[in-house]
Protein chains: 2
Amino acid sequence: VRASDGAAARAAAELQDRLTKPRGALGELEAIGVRLAAMAGECPPPVPEPALVAVFAGDHGVVAEGVTPWPQDVTGQMVANFVAGGAAVNVLARHAHADVLVVDVGVASSVEHLEGVLHRKVLHGTRNLRREPAMTSDEARAALDVGAEVATAAVTRGDARCLVTGEMGIGNTTASAALIAAFTGRSPATVAGRGTGIDDAMLATKIAVISDALDRTPYFDDPVAVLASLGGLEIAALVGYIVAGAAARVPVIVDGVIACAALVVANALCPDAHEYCIAGHRSSEPGATIALEHVGLRPVLDLELRLGEGTGAVLALPIVQSAAKILREMATFDAAGVTEK
Amino acid sequence: VRASDGAAARAAAELQDRLTKPRGALGELEAIGVRLAAMAGECPPPVPEPALVAVFAGDHGVVAEGVTPWPQDVTGQMVANFVAGGAAVNVLARHAHADVLVVDVGVASSVEHLEGVLHRKVLHGTRNLRREPAMTSDEARAALDVGAEVATAAVTRGDARCLVTGEMGIGNTTASAALIAAFTGRSPATVAGRGTGIDDAMLATKIAVISDALDRTPYFDDPVAVLASLGGLEIAALVGYIVAGAAARVPVIVDGVIACAALVVANALCPDAHEYCIAGHRSSEPGATIALEHVGLRPVLDLELRLGEGTGAVLALPIVQSAAKILREMATFDAAGVTEK
């Protein structure tokens, strides 16, 4: 992963000032356009379409600790819902003309019979991260490779000039909060949130689980070992997806707290990875904001979403695409014969 | 304008809770869906498409006071840019599959030669609102009728199931701030902002101009008289457009501070008008936030935009449309065979 292109960014900033609008009047939309130019190394940047939403699904042994009111079967049931087109991310992706690819990287139940799923199961769910490493390093690397494979294949085939992160996994806000705590140094109580809707007692359990997991995780300089200790298979796949997207210089629109956990791991592996990422929204999970501040990204949307699946990222997609089109399609003062102030 | 439909809103809120997601997990997107059902009186609500962006253009005599660094000719030049498709709102509307209709309701220069403009000029710009009423009440009513005609015709012909506000007029942040001050009771210094980019001296002038205009404006219970005293022709047209959209029970997506000024006037005329309005974004102009708080609307986007033209509203359009599709297309727990918590 190379650093993004400062010359292209400067050219885009200068072009913004020649377009028929007061300087800076398009605010964050201008900033996104400049970043897209830096990512692509081109001004104006290519429009980030078509877009792919890859929904990585995996289960979490930590559900044995009582950190969520949802049964683990829901992960596999939702995989069926995704391929049937009935989940929120499907509805939003259709409206934004993005494709959805569902990837089984670690669902506990058997989903082999489901057509339309990319079957890349590494394990039938992770181990219980409170008690032992969730994955071995080899298993984590296998999941990383799944994500990288999906991103690289989509970009190489021309199916995607924009990657959108998606995921499903009952229990995965616990693993994500643990990873964000580990990589940002913030406390379990600060990063843990109520996820899909848990009560005070369950939240206290979640914080204790994360504390125990951090206590038994060695803090050597090996992000993959920390990822294996705490992370989920779908989170590891997202790390690979983000890194491969950044290596291909394609914008990656990052969703909520799960994707933000993957982003901090990706950035620990490749310190320039975040330069290719756009934070689609600010999840109402506290860990998401902590992770985004850690890597220095400002979210596009703030709609109090806490669903995951890629929903907030795909809602931001038309705005990101519009930012590129502003640089490609708007008239300059000279061309339009408009007087400057 | 009738009140929106509480029964349809309740039905939509109940439907949200049966869809395959944790309750409330789509945050503001769920709230928008509920409001769309209330506006239409139907659950699920129709998808608000096709959408029309009506860009009303008018000039302001108050530019003689030195409240903007832009020459008045820019209004007519930008009208030409709009019909040529080169302005920001054109680029954004194309991406969102919305039509743009440019309406001359009061441009100072002659734009009669421009094809593609709806020619409804009431005056060649308003009078100087610091010194005298900007319009007579008859002129204000004529401009209101232009906006209402555009909205009603588009909805009746089936060209629009969603109305997006747009405008252009050098000097119109001054008129808008004066109207917001008049209808909310806030001080000129609180509502006035830097518009397209003015320095401290010009901002002080702008505040003095607004104070003088308010001092000579009678505060009787006649919103049209206050509108005529302070407002622009394009602002009056937007008031008519908003009221007619609300009367037709069609969602109106409101843009920045100019549209927010029209919204507070519309709400003074018809206290239920805001129930049919969605605030597309939070403009960086302070008056916009004051106006939205006055009518009780929360903006969808917050991207530090301060361009106008309809740009922030049309950026919010795909999100508003997605909110309706969530209610129409998502699977329920029962239908998808997903276990509830």
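The values are calculated or read from the model by the stated rules, or taken from the named source; none is laboratory data. Since this is a predicted model, take the numbers as computed values, not measurements. Counting neighbours? That spans all protein chains shown, and the Cβs are built from the backbone with ideal geometry, glycine included. Surface accessibility is based on the protein's heavy atoms, side chains included, excluding ligands, DNA and RNA. Shrake-Rupley method; radii C 1.70, N 1.55, O 1.52, S 1.80 Å.
If you go through segment B:149-172 and keep only what is open to solvent by 30 Å² or more (accessible area, probe 1.4 Å), in a helix (DSSP H, G or I) and either of a type outside the set (D, E, K, R) or in contact (Cβ under 8 Å) with a residue 12 or more places away in the chain (or both), you end up with B:Glu149, B:Thr152, B:Ala153, B:Val155, B:Thr156. Is it the case, given these coordinates, that A:Val74 is at negative phi, among the β-branched types (Val, Ile, Thr) and facing another protein chain (nearest Cβ under 8 Å)? Yes, satisfied. Give the residue, chosen from B:Leu303, B:Leu238, B:Leu263, B:Leu307, that is outside any helix (DSSP H, G or I) and either without any contact (Cβ under 8 Å) to a residue 60 or more places away in the chain or away from chain A (no Cβ under 14 Å) (or both). So the residue among B:Leu303, B:Leu238, B:Leu263, B:Leu307 that is outside any helix (DSSP H, G or I) and either without any contact (Cβ under 8 Å) to a residue 60 or more places away in the chain or away from chain A (no Cβ under 14 Å) (or both) is B:Leu303. When segment A:111-123 is limited to residues that are of a type in the set (A, V, I, L, M) and not in a loop (DSSP other than H, G, I, E, B), the one that is nearest to the other protein chains (Cβ to nearest Cβ) turns out to be A:Val117.
Screening the candidates A:Ala57, A:Ala80 for the property of being touching a helix residue (DSSP H, G or I) at 6+ places or on another chain (Cβ under 9 Å), within 14 Å of chain B (Cβ to nearest Cβ), part of a strand (DSSP E or B) and of a type outside the set (Val, Ile, Thr) yields one hit, A:Ala57. Just for segment A:310-337: of the residues that are part of a loop (DSSP other than H, G, I, E, B) and surrounded by 24 or more Cβ atoms within 10 Å (Cβ to Cβ), which one is farthest from the other protein chains (Cβ to nearest Cβ)? That would be A:Gly310.
When segment A:279-298 is filtered for residues that are outside any helix (DSSP H, G or I) and closer than 16 Å to B:Leu26 by Cβ, the ones remaining, listed by number, are A:Gly280, A:His281, A:Arg282, A:Ser283, A:Ser284, A:Glu285.
Of all residues in segment A:268-300, those satisfying the criterion of being open to solvent by less than 50 Å² (accessible area, probe 1.4 Å) and within 14 Å of another protein chain (Cβ to nearest Cβ) are A:Ile278, A:Ala279, A:Gly280, A:His281, A:Ser283, A:Glu285, A:Ala288, A:Pro299, A:Val300.
Scanning segment B:173-193 for residues that are within 15 Å of the chain's Cα centre (by Cα) and open to solvent by 10 Å² or more (accessible area, probe 1.4 Å) gives a single hit, B:Thr173. Looking at segment A:89-110, is at least one residue acidic (Asp, Glu) and within 14 Å of chain B (Cβ to nearest Cβ)? Within segment A:89-110, none of the residues are acidic (Asp, Glu) and within 14 Å of chain B (Cβ to nearest Cβ). Is it true that A:Ala38 is in a helix (DSSP H, G or I) and surrounded by fewer than 22 Cβ atoms within 10 Å (Cβ to Cβ)? Answer is no for this residue. Among residues of segment A:194-215 that are away from chain B (no Cβ under 14 Å) and among the polar types (S, T, N, Q), those with a beta-carbon under 8 Å from a residue that is assigned to a helix (DSSP H, G or I) and open to solvent by less than 30 Å² (accessible area, probe 1.4 Å) at least six positions away or on a different chain give the pairs A:Ser211/A:Pro188.
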